[in-house]
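Right, one structure below, let's go through it.
The values are calculated or read from the model by the stated rules, or taken from the named source; none is laboratory data. On a predicted model such as this, the values are computed, not experimentally measured, just so you know. Cβ atoms come from the backbone with ideal geometry, glycine included; neighbour counts cover every protein chain shown. All accessible areas refer to the heavy atoms of the entire protein, side chains included, with ligands and DNA or RNA removed. Shrake-Rupley method; radii C 1.70, N 1.55, O 1.52, S 1.80 Å.
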Amino acid sequence: ALAAALAERKAPEAPLDVYGAARPYVVAALGRALNRPLVVVTARSARARQWVDELRIWLPDEVPVYNFADPDALPYERIPWAPETRQRRLEALVGLLSWSGPTRATPLAPIAVASARGLMQMTLPAREMRLALRPVRQGQAFDLDRMLLNWVGLGYESAAVVETPGQFSRRGGIVDIWPPNLRRPVRVELFGDEVDSLRTFDPSTQRTLERITETMVGPASEALPRLGERAGERLATLDLDTCHPPARIEFEREIEALRNGSGFRNLEWYIPYLYSNPGILADYLPAENAHLIVEDAGELLASLADL
């Protein structure tokens, strides 16, 4: 009855009185019945991870279940985000944004789970994400120098060997890249200015795994270095004279890197300066045929107020 009501876009008039242990099962069943993107918001990080584990038990492997992870740093804390954190968050954003209905490649709609802290962290606007997403297909024309420059502007780091998400490497006519929105890195083999083949590979052994015909390359960070010049203008208004000297030197070095369009470890700290209107997870839900599910609204509001 609940699934039938939601299919007709009729939200429940009152909170559903469902036992905590049964909630992931109910959401999994709704996901299968509706086949629409779902976002679950809960108060605590540990509970969000528990949701993800239980949803993966109740759902078939083909259903994408994402953990929209908490940022590694508290507000105003200058701790670099781990590659795994970037990957989990960007996976969720790209998965939700890319869904436009069932297709042969993606027949089942995604489900994302976020805690209060994960939800509150500002991210790149959905419009910027759409502009950053680029397909790479077999047989496609490929301007290597231009593409590498574009990847640097999206936050990718050049490396001798690709081992973590957000890196790329070039060896003659072979380019390896690991977009954080993908589980595995991709090896692009070129023939002249054309993509000859695409293969996924194991980053630990560097051995190819399977051949693919197309992949989607998204940004390496929620903060895009290519917008750094705009951010540099806003940061120029800050008064750094009263900073502790080592902190001032670090700020000045990072601001100069932003103006040059290059990335660095603390890049996400500058999200409010890179975007005049930063986005949030809910912006990535489709305008129609999607649902936001809140677990324990009272507890969630208390967590938001604490944060």
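Determine whether the range 282-300 contains at least one residue that is open to solvent by less than 20 Å² (accessible area, probe 1.4 Å) and either part of a loop (DSSP other than H, G, I, E, B) or basic (Lys, Arg) (or both).
Yes, some residue in the range 282-300 is open to solvent by less than 20 Å² (accessible area, probe 1.4 Å) and either part of a loop (DSSP other than H, G, I, E, B) or basic (Lys, Arg) (or both).
Looking at (1) surrounded by fewer than 13 Cβ atoms within 10 Å (Cβ to Cβ); (2) modelled with pLDDT of 90 or more; (3) assigned to a loop (DSSP other than H, G, I, E, B), which one does residue 246 not meet, given that it meets all the others?
(3)
I need the full set of residues from the range 60-98 which are aliphatic (A, V, I, L, M) and open to solvent by less than 40 Å² (accessible area, probe 1.4 Å), in order please.
Selection gives 63, 65, 69, 73, 82, 90, 92, 93, 94, 96, 97.
How many of the residues in the range 110-164 are closer than 24 Å to residue 43 by Cα and of a type in the set (D, E, K, R)?
Qualifying residue count, the range 110-164: 1.
Going by the conditions given, is residue 157 open to solvent by 70 Å² or more (accessible area, probe 1.4 Å), under 22 Å from residue 225 (Cα atoms), at pLDDT 90 or above and not small (Gly, Ala, Ser)?
Spelling it out, residue 157 is indeed open to solvent by 70 Å² or more (accessible area, probe 1.4 Å), under 22 Å from residue 225 (Cα atoms), at pLDDT 90 or above and not small (Gly, Ala, Ser).
Tell me yes or no: at least one residue of the range 263-281 is closer than 30 Å to residue 68 by Cβ and part of a strand (DSSP E or B).
The answer is yes; a qualifying residue exists.
So, of the residues in the range 169-185 that are buried (at least 23 other Cβ atoms within 10 Å of the Cβ) and in contact with a strand residue (DSSP E or B) (Cβ under 8 Å, 6 or more places away or on another chain), which turns out to be nearest to residue 142 (Cα to Cα)?
177
Can you tell me how many residues in the range 48-65 are part of a helix (DSSP H, G or I), closer than 24 Å to residue 3 by Cα and of a type in the set (D, E, K, R)?
Residues meeting the conditions: 3.
I'm trying to understand the selection: among the residues of the range 258-287, which are under 30 Å from residue 7 (Cβ atoms) and in contact (Cβ under 8 Å) with a residue 12 or more places away in the chain?
279, 280, 281, 282, 283, 284, 285, 286 - these are the residues of the range 258-287 that are under 30 Å from residue 7 (Cβ atoms) and in contact (Cβ under 8 Å) with a residue 12 or more places away in the chain.
Scanning for something in a loop (DSSP other than H, G, I, E, B) and either open to solvent by 40 Å² or more (accessible area, probe 1.4 Å) or without any contact (Cβ under 8 Å) to a residue 24 or more places away in the chain (or both), does the range 37-47 turn up at least one residue?
yes
So if I check each of 263, 166, which one is under 26 Å from the mean Cα position of the chain (by Cα) and at positive phi?
Only one candidate passes the filter, namely 166.
Pairs please, first residue from the range 58-82 and at negative phi, second anywhere and part of a loop (DSSP other than H, G, I, E, B) and surrounded by fewer than 10 Cβ atoms within 10 Å (Cβ to Cβ), Cβ atoms under 6 Å, 6+ apart in sequence or on different chains.
Sorted first by the residue in the range 58-82, then by its partner, the list stays empty.
Checking the condition in contact (Cβ under 8 Å) with a residue 12 or more places away in the chain, over 26 Å from residue 284 (Cβ atoms) and surrounded by 18 or more Cβ atoms within 10 Å (Cβ to Cβ), which residue from 162, 113 passes?
Being in contact (Cβ under 8 Å) with a residue 12 or more places away in the chain, over 26 Å from residue 284 (Cβ atoms) and surrounded by 18 or more Cβ atoms within 10 Å (Cβ to Cβ) holds for just one of 162, 113, which is 162.
Restricting to the range 261-270, name every residue that is modelled with pLDDT of 85 or more and either closer than 24 Å to residue 99 by Cβ or open to solvent by 40 Å² or more (accessible area, probe 1.4 Å) (or both).
The answer is 269, and nothing else.
Six or more apart or on different chains, Cβ under 6 Å: which pairs go from a residue in the range 208-229 that's farther than 23 Å from residue 122 by Cα to one that's open to solvent by 70 Å² or more (accessible area, probe 1.4 Å)? Could you list them?
Pairs that qualify, where the first residue is farther than 23 Å from residue 122 by Cα and the partner is open to solvent by 70 Å² or more (accessible area, probe 1.4 Å), are 213/138; 214/137.
Of the residues that make up the range 6-21, is at least one touching a Gly at 6+ places or on another chain (Cβ under 7 Å) and surrounded by 13 or more Cβ atoms within 10 Å (Cβ to Cβ)?
no
Part of a loop (DSSP other than H, G, I, E, B), open to solvent by less than 70 Å² (accessible area, probe 1.4 Å) and under 30 Å from residue 5 (Cβ atoms): is that true of residue 219 in this structure?
no
Matching residues to (1) modelled with pLDDT under 90; (2) out of contact with any Lys or Arg (no Cβ under 9 Å at 6 or more places or on another chain):
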position: 32; (1), (2): no, yes
position: 36; (1), (2): no, yes
position: 45; (1), (2): no, no
position: 59; (1), (2): no, no
position: 66; (1), (2): no, no
position: 77; (1), (2): yes, yes
position: 89; (1), (2): no, yes
position: 92; (1), (2): no, yes
position: 119; (1), (2): no, yes
